[in-house]
Amino acid sequence: MTNSVTNGVGIGVVGIEHLHVFELVDGLVSAGCRPVAHAADPGPLTDAYAAWQTTSTARDLDGVLADPDVQLVVLAGVPAERAAVAQAAMVAGKDVLSDKPGATTTAQLDEVRRVVAATGRRWWVLFSERFGSPAVMEAVRLARSGRVGRVVHVQGAAPHRGSLELRPAWFFDRRRAGGILVDLGSHQVDQFLAVTGAAGADTRIVAASAGNVRSSEHPGFEDIGEMVLAADGVRGHHRVDYLEPDGFPAWGDVRLVVTGTDGRIEVRIPVADTGAAGPAEVWVTDHDGVHRHDAAPAVTWPADLLADLADGGERLMTRGHPFEVTDLTLDAAAAAVPWGP
């Protein structure tokens with residue numbers, strides 16, 4: 001992690017409940033932002049953040065939102081609380097970058113949409129499993145370029161290590177966390193839309209399910225979920241879970257497989273004979289053979305966001321993209337049937 005201070009955009013962090021806050025702030029600081037203030041409940045993550053970003057002053061929410069030196073508010077609090085804070089920040093004249101999920105109910109999303117329209121502020125939700133992964137970004141580019149013909153199927157698997165003994169209480173409360181399809185499923189919907197180029201309005205949830213298969217000590221918690229998506233001529237099958245065995249040398253053995261009419265693109269994490277995991281790789285299978293695709297773009301989401309903040313552009317994502325993703329994940333959660341009998 002980088003700890004540098006420049007005269008760039010001032011950022012205020014609200015909520016430090018997820019490790020993603022360090023990824024978000026590290027990217028922004030590396031791109032030239034200044035940590036100005038933070039508002040968060042006491043805890044180990046808050047202590048770690050304060051020790052890391054020593055220029056950031058601890059304040060209450062009102063203090064962060066009233067500070068004229070804060071231009072961008074970063075949200076990584078309890079998921080069910082992020083939408084309300086985003087609305088307050090935009091009303092206060094700030095733009096917002098939220099960890100996913102940005103909203104956990106349709107009512108929350110409708111209010112965010114209303115406030116965005118009324119204020120003209122920006123509301124970004126960072127889906128880091130794409131924007132933070134050169135391999136996934138390159139797979140999306142290859143798919144959209146026609147490298148494997150017309151895309152007809154997208155398969156995503158995102159097993160996560162549970163580490164349940166380290167999770168806070170809100171993590172097991174579906175009303176506060178949003179449920180597995182709204183949370184982890186947001187990455188999958190984001191990737192499906194990016195790979196296919198489909199609009200959210202033209203994409204539907206065909207089927208969904210969620211359940212608790214290994215965590216009976218946490219009733220109501222969802223540790224596995226799946227969804228089937230469909231757009232014009234393409235289907236997507238996606239599974240997310242907290243069942244990744246501790247023996248895998250990364251946080252999850254995530255996979256992306258894009259099937260086209262003339263080939264297949266795969267993203268997978270290689271594991272060496274030593275047992276160490278390497279960076280995710282892209283493999284292309286076509287009529288000539290199987291090829292490891294070594295080219296990969298740099299991670300540019302922080303620079304893209306700041307450029308969009310400066311001129312109102314849509315380099316990072318369209319203004320509608322986080323709404324499209326969240327609409328579909330909420331649809332999936334509403335349609336989900338119990339996992340198993």
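Ranking V267, V148 by Cβ neighbours within 10 Å, fewest first, what do you get?
In order of increasing Cβ crowding within 10 Å: V148, V267.
Can you work out the Karplus-derived ³J(HN,Hα) for every residue in region 145-156? Use 6.51 cos²θ - 1.76 cosθ + 1.60 with θ = phi - 60°, whole Hz, and x for glycine or proline.
Using θ = phi - 60°, the values come out as 7, x, 4, 10, x, 7, 5, 10, 7, 10, 10, x Hz.
With the dipole of region 10-126 worked out from charges on the C-beta (+1 for Lys and Arg, -1 for Asp and Glu) around the Cα centre, which of T57, W124, A40 lies farthest toward the positive end?
The Cα lying farthest towards the positive end belongs to W124.
Could I have the simple spin-label model distance between R204 and A84, label points 7 Å from Cα toward Cβ, reported in nm to one decimal?
3.5
Mind giving me the nanometre distance, one decimal, between the label points for T55 and W251, set 7 Å out from Cα along Cα→Cβ?
2.6
Between rounded, prolate and oblate, where does region 178-304 land on the alpha carbon gyration tensor, with a ≥ b ≥ c its root eigenvalues, rounded for a/c under 1.5, else prolate if a/b exceeds b/c?
Oblate.
If you place +1 on the Cβ of every Lys and Arg, -1 on the Cβ of every Asp and Glu, and leave all else neutral, what size is the dipole of the chain about its Cα centre, to the nearest 20 Debye?
Here the size comes out at about 540 debye.
Compute the Cα gyration tensor for region 99-187, then decide on rounded, prolate or oblate, letting a ≥ b ≥ c be the square roots of its eigenvalues: rounded whenever a/c is under 1.5, prolate when a/b is larger than b/c in the other cases, and oblate in all that remain.
oblate
Report, in degrees rounded to the nearest 10, the 0 to 90 angle that the Cα long axis of helix 106-119 makes with the longest principal axis of the chain.
60
Averaging sequence separations of C-alpha pairs under 8 Å and six or more residues apart, then dividing by the length of the chain, give the relative contact order as a whole percent.
17
Classify region 293-341 as rounded, prolate or oblate, taking a ≥ b ≥ c as the square roots of the eigenvalues of its Cα gyration tensor: rounded when a/c is under 1.5, otherwise prolate if a/b is larger than b/c and oblate if not.
oblate
For region 193-341, give the magnitude of the charge dipole about the Cα centre (Cβ charges: +1 Lys/Arg, -1 Asp/Glu; no others), in debye to the nearest 20.
With only Lys, Arg, Asp and Glu charged at Cβ, the dipole is about 180 debye.
Given the peptides 213-219, 71-77, 313-319, 87-93, arrange them by the average over their residues of other C-beta atoms within 10 Å, most packed first.
Those peptides, ordered most packed to least, come out 71-77, 87-93, 313-319, 213-219.
Helix 79-91 versus the longest principal axis of the chain: what is the Cα-based angle in degrees, 0 to 90, to the nearest 10?
Roughly 50 degrees, rounded to the nearest 10.
Could you work out how much longer the chain between A277 and W170 gets when fully extended? Use 0.36 nm per residue separation minus the Cα distance between them, nm to one decimal.
35.5 nm
For a quick check: sort I265, I205 by the number of other beta carbons within 10 angstrom, fewest at the front.
Lowest count first: I205, I265.
Which order do R167, R114 fall in if you start with the one that has the fewest other Cβ atoms within 10 Å?
R114, R167
So, R0 is 45 Å and r is the distance between the beta-carbons of H291 and S30; what FRET efficiency does that work out to, to 0.05?
FRET efficiency, H291 to S30: 0.90.
Can you compute the FRET efficiency between R150 and E111 using 1/(1 + (r/R0)^6), with r the Cβ-Cβ distance and R0 = 45 Å? Round to the nearest 0.05.
E(calc), rounded to 0.05, equals 0.70.
Can you list the residues of region 193-230 with backbone N under 12 Å from a point 7 Å past the Cα of A334, pointing along Cα to Cβ?
205, by backbone N distance to the label point.
Sort 186-194, 26-34, 323-331 by packing, meaning the average of other beta carbons within 10 Å per residue, with the highest value first.
Ranking, from highest mean packing down: 186-194, 323-331, 26-34.
Relative to the first principal axis of the alpha-carbon coordinates of the chain, what is the inclination of helix 185-196, with its axis defined by its Cα atoms, in degrees from 0 to 90 and to the nearest 10?
Its long axis makes an angle of about 60 degrees.
No lab work stands behind these numbers, since they all come straight from the coordinates. It should be emphasised that the depicted structure is a prediction, and the values quoted were computed from it without experimental measurement. Glycine gets a Cβ as well: all are built from the backbone with ideal geometry, and neighbour counts include every protein chain shown.
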